[in-house]
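The values are calculated or read from the model by the stated rules, or taken from the named source; none is laboratory data. If you're wondering where the values come from, they're calculated on a predicted model, not measured in any experiment. Heads up, the Cβs are rebuilt from the backbone with ideal geometry, glycines too, and the neighbour counts pull from every protein chain shown. Note: accessible area is taken over every heavy atom of the protein model, side chains too, but ligands, DNA and RNA are not part of it. Shrake-Rupley method; radii C 1.70, N 1.55, O 1.52, S 1.80 Å.
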Amino acid sequence: MINKIAAQHGHDIGGLIRYLFGPGRSNEHRDQRVIAADHVLDVADGTRLDGPEHWERVLELGHALDDHRVIAGLEPEKGWVWHCAISLPPGEALSDEQWAVVARAAVARLGFDESTGPAPCRWIAVHHGPSAGGNDHIHLAVNLVREDLTLAAPGRDRMAMSVLCAQMERRFGLHVVEGRPGRGLPGYSRAEAERTKRARPHAAGTGPPSRSPAAHTGPGSGDVDRLRLARLVRAAAASSASEAEFVRRAKASGVLVRARFATGGRDRVVGYSAALRPVGGRAPVWFGGGKLAADLTLPQLRQQWDDVDGQGPALAEWRRSGEAAGPPGLGERAAVDAEQWKRAAQLVDAIRERLERTPDGDVAAWRSGCRGAAAMLAALAERIEKPGPDKTGGPGPIAALADRLAWSAQAPRAQARVPVPARAEVRTATRIIIAAARQGPAAATWMLVATALVLLAATITSWHRRHRQHRQAAALSTHAGALAGELRRRRIAAAPAWSARHYGAFPDAHLKRLSAVLSDDVARLSAPTPAPPRAALLAFPGYRAPATAEEARRRLAAVTEEVDLRAALPAGRAAQEHTERIERSHVQQAQRSSRPRPRGGPEHGRGGRSR
């Protein structure tokens, strides 16, 4: 929901009313009706005034809105007509009753009714169909000359309406607009659009750049420096246990940071600015923490660290100039084995399971989960989709999902200072993602973490749907689906040949039967008193019954993975593998048939009869 307030106060409220109830400049107005109005006008909510027979009533409303001023002979020099259009994005709509709630809330918030003490203003809210762009909207017209003939002065009305729109979005489950004060994610400025186009001419489109951060995150879009900077800062903060460690990790990731000290000295840090390390002799472009996101301001970050006093080691790190960072603290330089990717995936699963048990009403805990998911994905994006020196690489679906989850993590300004400590699982998992090796047999194990994060994003998506935040849920679902598809393609591309896979040589029918047998074993061995394997299962050719339920589950997972891989293979490769398996089976059968059979007699081995 957005609002647009006229830049200047008007001088003809009757003319505005005639326009609102008239046909419009291109005959686009239809179904003209009153949404709500001041009681002095004596018009009921929902009154339709959309035909020629209603025109006299329209003129009466115009006169009723202004007759007290006309009789008194008042003509304020700077105008007296306040006009605001309140609009929804295409695809969203409110009922007339809901729009009436919005209109009356706006009138009360701006002090136009009697609830604030002074005499009320006369006002009316009008609906006349969607705009040319398909936006459901209303117009709110107010005569600033009050009933006692004093002039209303709606100071900071744009800020007040922006906050009101954010509240109505949450109340009615509408899409929440980025960049709104109290919401946390600054919009994408035109200067950033032009800078991105100059830096990445290959990624620039032919049309005007979108100002939505989410629109500039994705394969081939050209990453906005501020978005990548926010991801780096978010990952450094989530992986740190103290403020000093945060400064060191940020610098190590290629971020320039500088402190903002309290007035009158250099003994207390109250904020910071950050910039990407420039290339080609360019000057760095600095952003304050609040310009990256509301939850990346220093006061907000300090809520998730163990050391939050900003003194001692932290102050020493802030005072270091340029890119210099102090020696790493205990455990910051520890090598992380590639096998730790599996542990990180387990930690992500634990976070997801905890969120699934969290009541929907515990918004702070859910937003903390969104913040942790965004941080882990941000760290993973930097490892997997890091752009090259010419900035022509990345970002990809990991970064896109990270940015969208960062949007979910933002809280209204009234809730932004609720302390929600970062969970140890997020910190440990982010550290593993940043430091774990990616070489040798475990080169693709990072996809375990990515898959777990996709599942976590799906849990958060469901939470948005339950809160009727359908636009954000759809965006998350799209980005998570894009990442899942990319992971599927990477797995298929990295999959070894069928001959090198554990169950690759098994025919499809054999795999299906083996899956059923192992499923039976899992149920049998998980029972309080495990039963012996059935005779039919023992008769399965070459089958060795598992000894424990864990072994059965592990083997079943491997079989299921092979089945899923075959289902995802491109048709050409799947057909080729099927043909090669059949050919190998025929060769083996021919080899067995050609082996000489032992002849009777003791000299030819067992089985012969003596004469």
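Here are a few things to note about the model shown:
- In the context of the full set of protein chains, the range 23-157 has a per residue accessible area of 47 Å² (1.4 Å probe).
- Between G504, G572, L518, the Cα set farthest toward the positive side of the dipole of the range 484-579 (charges on each charged residue's Cβ, about the Cα centre) is that of G572.
- The stretch between A505 and Q591 holds 29.3 nm of extra length on full extension. This uses 0.36 nm per residue minus the Cα-Cα distance.
- FRET efficiency for the A516 to H578 pair, using the beta carbon distance and R₀ = 22 Å, is estimated at 0.60.
- Placing unit charges on each Cβ (+1 for Lys and Arg, -1 for Asp and Glu) gives the range 1-43 a dipole about its Cα centre, and among N27, G10, V40 the Cα reaching farthest toward its positive end belongs to N27.
- The shape of the range 19-111 can be summarised by an equivalent ellipsoid whose semi-axes, obtained from the alpha carbon gyration tensor, come to 24, 19, 14 Å from longest to shortest.
- Phi-derived couplings, Karplus 6.51 cos²θ - 1.76 cosθ + 1.60 at θ = phi - 60°, listed residue by residue for the range 522-527: 4, 5, 5, 7, 7, 5 Hz, with x used for Gly and Pro.
- One chain, two ends: M159 and T358. Fully extended at 0.36 nm per residue, the span grows by 68.3 nm beyond their Cα-Cα distance.
- Extension gain, R48-A557: 0.36 nm per intervening residue step, less the Cα-Cα distance, totals 176.8 nm.
- Using only side-chain charges placed at the Cβ, +1 for Lys and Arg and -1 for Asp and Glu, the dipole size of the range 1-79 relative to its Cα centre rounds to 340 debye.
- Accessible-area rank, largest first, for T579, T445: T579, T445, with all protein chains present and a 1.4 angstrom probe.
- A cut-off of 5 Å between modelled amide H atoms, ignoring neighbours fewer than 5 places along the same chain, links G271 with R260.
- Among the listed pairs K251/K291; K4/K386; K386/K512, those beyond 29 Å (Cα-Cα): K4/K386; K386/K512
- Highest mean packing first, where packing is the average number of other Cβ atoms within 10 Å per residue, the peptides 565-571, 239-245 line up as 239-245, 565-571.
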